[in-house]
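> My questions all concern the structure below.
The values are calculated or read from the model by the stated rules, or taken from the named source; none is laboratory data. Predicted, not measured: the structure shown is a model, and the values here were computed from it. Don't worry about glycine lacking a Cβ; one is built from the backbone with ideal geometry, like all the others, and counts go over all protein chains shown. What goes into the accessible areas is simple: the full protein's heavy atoms, side chains included, and nothing from ligands, DNA or RNA. Shrake-Rupley method; radii C 1.70, N 1.55, O 1.52, S 1.80 Å.
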Amino acid sequence: MVERLTYSIDHRPGFLQRAREETFDLLVIGGGITGAGIALDASSRGLSVCLVEKGDFASGTSSKSTKLIHGGLRYLKQFEFGLVKEVGKERAVLHHLAPHLVVPEKMVLPLIKGGSLGKTMTSIGLYIYDFLADVEGDDKRRMLDKEEILEIEPLLPTEKLLGGSIYAEYRTDDARLTIEVIKTAYRYGALPLSYLECTGIVEENGQAVAAWCRDQLDGEVFKIHFRQVINAAGPWVDQVRGMVEQISGKRLYLTKGVHIVVPRAKLPVAHAVYFDVPHDNRMIFAIPRLEITYIGTTDTYYEGDKEHVTVNRGDVEYLLRAANETFSIENLTEADIVSSWVGLRPLIYEEGKSASEISRKDEIFEASNGMLSIAGGKLTGYRKMAERIVDIVVRRIFPDDYQDHPARTEDIFLTEDPFENYTACQLYIDEIKKVLLPKGLPEFYARYLVHNYGKDTSRILETLNTNNRLTSEESLLLAELDYCLANEMMIKPLDFLIRRTGRLFFLPQSIGLVEKHIFPYLEDKAAMQEIQLQQEMLSWREVLQSIRSFN
Ligand code: FAD
C-alpha cells in the first residue's frame with residue numbers, strides 16, 4: 001500500500017489524463033457509499049479501478065441519511081432476519097475499522113400508552129436483535145421501568161410513559177465515511193474522480209467497453225475504457241440502466257426522507273431517542289450532536305426532480321408535531337429550525353407495498369451488454385454489498401485464479417493512522433481539548449474534529465494560524481479548509497461546508513463566517529482558478545435559503 005498520498009484538485013489534470021489513456025479492469029459509476037465501497041473492495045483485490053462521480057463524492061443520498069450505523073430494528077417487524085443479522089454484525093466491523101467515525105451511541109426506546117410498541121414484544125424483539133448481531137456485555141439491551149427511563153431521559157412524557165429500553169447502535173457521518181472509503185480506495189490504487197458524469201455507454205460486439213464522460217468543470221467529453229462496468233448511481237441507477245437498454249423487470253422506487261435540525265437547547269435530549277410518531281404508525285429519531293439535535297425521518301414516495309429535492313412544509317409540520325407531542329419541551333416551531341436536509345432512498349419496487357414496508361435489501365441486475373447495476377441496501381451494509389458484486393467481477397477478470405483474490409476489506413482500516421480502539425480515541429479527544437482550551441475554542445470542537453478527522457486533527461491544529469486579525473474559530477475554519485483542499489479532493493466550497501465537515505448541519509454558527517472568510521480565502525488559491533466562485537456564491541445562497549425556508 002502506498003503511504004500518505006495527498007489527494008487534491010492539483011492532481012486532477014494528471015488523473016484525467018490517466019483516465020483517458022488507460023483501460024481499467026473496472027469502472028464504477030457513482031461516488032456514494034456504494035460506489036466507494038466497491039472501488040475499495042475491488043482495488044484491494046488487485047483490480048485496476050476508476051470511479052466517476054457526477055458531483056462531489058457523497059453528494060447523493062450518502063450525505064443525507066439519518067447517519068446511523070444500525071441494525072435496522074424496525075426490519076424485525078417485517079421478519080427481515082437475514083438483513084438484520086448482516087447489518088447488525090457490520091456495525092462492530094465498521095466501528096473497528098474507523099473507531100473515531102463509527103461511534104457507539106446508546107439509543108433510548110420509550111414505550112408510550114397507545115403507541116405501536118408493547119413491552120413484551122419490544123423485549124423479545126431487542127433480544128433477537130442483540131442475538132442476531134452477537135451483541136455482548138454492557139451493549140445488550142436493558143428494559144427499564146418508567147422511573148428508570150425518566151431518570152436517564154427526563155424529557156419523555158411522564159403521563160403517557162409506560163417504561164422503555166436502552167440498546168446499543170453506532171452513529172457516523174455518512175459523507176465523511178464515504179470520503180474516507182474513497183481516500184482508502186485511492187491509497188489502494190483506485191482512481192476516484194469527482195465532477196465527472198457518465199453520459200453514455202459504448203458497446204463493441206454487444207459488450208460494454210467504454211463510457212462517455214463529461215468533465216463538469218470544463219465541459220470536456222472523453223471516453224474511459226474498461227473490462228467491466230458497475231452502475232452504483234443510487235437514485236439514478238435506472239437512468240444509467242436506461243443508457244444501455246429499456247428497463248424491464250425490477251426497477252427503483254424512490255422514497256424521500258427529511259431531517260430537521262434545531263438548537264440542542266430547544267430539544268436537549270441526553271440520548272438518541274427512537275420514538276413512535278403519536279399520530280401514525282411510524283417511528284422516528286431525535287439525535288443530539290454537538291450543539292444541535294436533529295429529528296427525522298419522513299418516508300414518502302417520490303417521483304419529482306432528483307436534482308432538486310426540497311423539504312416542504314408538510315414534512316416539517318409532521319416532524320415538529322411528532323417531537324412536540326412526545327417531549328416535555330416548549331413547543332418547537334418552524335422558526336426554531338436552523339438547518340435541514342433531504343435525501344432519496346433508492347429502494348427496489350415491490351408490488352403492493354408502501355414506502356415504509358419496502359425491503360431495504362440490495363439487489364444486483366445485469367444488462368445484456370454485461371453492465372452490472374446495484375441498488376437498495378443501506379449505508380451500514382456497504383462493505384458486504386461491495387463484496388457480493390466484486391465477487392462477480394473478480395470471477396470475470398481472473399477466471400482461472402479468482403480464489404487468489406478474496407475480499408479483504410474486513411481488515412482494511414479507513415484511515416492511514418487508525419485508533420486502536422474507542423478508548424484510545426476518547427483519550428485523544430481529551431488531549432485535543434487541552435490544546436483547544438488555551439486558544440479559546442470550546443471543548444465540543446475536540447469531539448467535532450476528532451470524530452471528523454481522527455488523528456489528522458493534530459495535523460490541522462499544527463497549521464492553526466493565530467494571528468490577531470482572526471478569532472480562534474475563524475482560524476480553525478481556515479485550517480480545516482487547507483487540510484480538505486490538500487487531502488480530500490475538495491473542489492467547491494459546498495464540498496467543504498456540507499460533505500467534508502458537516503458544518504452546515506452540525507455547526508450552524510459557521511454559516512456567518514462563510515462569505516466573510518471562505519470565499520475570499522479560496523479566491524487567492526491558484527488551484528481554485530478553474531472554479532467559478534461567483535457562481536458558487538449563488539449556489540451557496542440558494543442552499544442557505546433552502547435549508548430554512550419551506551413551501
Ligand atoms: P448515492 O449516495 O446516491 O450515490 C450515488 C451517486 O451516483 C450520487 O452521488 C450521484 O451523484 C452519482 N451519479 C448518478 N448518476 C451518475 C452518472 N451518470 N455519472 C456519475 N455519477 C453519477 N442507511 C443506514 O445504514 N443508516 C441510516 O441511518 C440511514 N438513514 C437513511 C435516511 C434517509 C432519509 C435516507 C434517504 C437513506 C438512509 N439510509 C440509511 C440509506 C443510505 O443512506 C443509502 O442506502 C445509501 O446512502 C445509498 O448510497 P448509494 O451510494 O447507493 O447512493
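> Report the residue count in the stretch 166-180 for those that are more than 9 Å from the ligand (Cβ to nearest atom), among the hydroxyl-bearing types (Ser, Thr, Tyr) and assigned to a helix (DSSP H, G or I).
Qualifying residue count, the stretch 166-180: 0.
> Answer yes or no: is there a residue in the stretch 221-235 that is more than 30 Å from Ile531 (Cα to Cα), open to solvent by 10 Å² or more (accessible area, probe 1.4 Å) and either in a helix (DSSP H, G or I) or among the small types (Gly, Ala, Ser) (or both).
No, because not a single residue in the stretch 221-235 is more than 30 Å from Ile531 (Cα to Cα), open to solvent by 10 Å² or more (accessible area, probe 1.4 Å) and either in a helix (DSSP H, G or I) or among the small types (Gly, Ala, Ser) (or both).
> Tell me the residue from Asp430, Asp417 that is on the phi < 0 side of the Ramachandran plot, part of a loop (DSSP other than H, G, I, E, B) and surrounded by fewer than 16 Cβ atoms within 10 Å (Cβ to Cβ), please.
Asp417
> So the check is Cβ under 8 Å with 6+ separation or different chains; which pairs have a first residue in the stretch 258-275 that's open to solvent by 10 Å² or more (accessible area, probe 1.4 Å) and a second one that's among the polar types (S, T, N, Q)?
Pro263/Thr293; Arg264/Thr293; Lys266/Thr293; Pro268/Thr293
> If you don't mind, there's one more thing I want to ask. For the condition in contact (Cβ under 8 Å) with a residue 60 or more places away in the chain, within 15 Å of the ligand (Cβ to nearest atom), surrounded by 17 or more Cβ atoms within 10 Å (Cβ to Cβ) and among the β-branched types (Val, Ile, Thr), what is the one hit in Ile337, Ile412, Ile348?
Result of the check over Ile337, Ile412, Ile348: Ile348.
> Also: So the check is Cβ under 9 Å with 6+ separation or different chains; which pairs have a first residue in the stretch 183-205 that's small (Gly, Ala, Ser) and a second one that's in a loop (DSSP other than H, G, I, E, B) and within 9 Å of the ligand (Cβ to nearest atom)?
Ser194/Gly31; Ser194/Glu53; Ser194/Lys54; Ser194/Gly55; Ser194/Asp56; Ser194/Phe57; Ser194/Ser59; Gly200/Met243
> Moving on. Ile518 - would you say it is of a type in the set (A, V, I, L, M, F, W, C) and over 21 Å from the mean Cα position of the chain (by Cα)?
It is true that Ile518 is of a type in the set (A, V, I, L, M, F, W, C) and over 21 Å from the mean Cα position of the chain (by Cα).
> Residues being touching a residue at least 24 places away in the same chain (Cβ under 8 Å) and in a helix (DSSP H, G or I): count how many of those fall in the stretch 99-137.
Residues meeting the conditions: 9.
> A further question on this structure: Which one of Glu80, Glu22, Glu86, Glu53 is more than 7 Å from the ligand (Cβ to nearest atom), in contact with a helix residue (DSSP H, G or I) (Cβ under 8 Å, 6 or more places away or on another chain), touching a residue at least 24 places away in the same chain (Cβ under 8 Å) and of a type in the set (Asp, Glu)?
Only one candidate passes the filter, namely Glu86.
> Moving to a separate point now. Please specify each residue of the stretch 221-249 satisfying the condition of being within 11 Å of the ligand (Cβ to nearest atom) and of a type in the set (Gly, Ala, Ser).
Matches in the stretch 221-249: Ala232, Ala233, Gly234, Gly242.
> Same structure again: Just checking, which of Leu481, Leu544, Leu494 is open to solvent by less than 20 Å² (accessible area, probe 1.4 Å) and under 23 Å from the mean Cα position of the chain (by Cα)?
Checking each option against the conditions leaves just Leu481.
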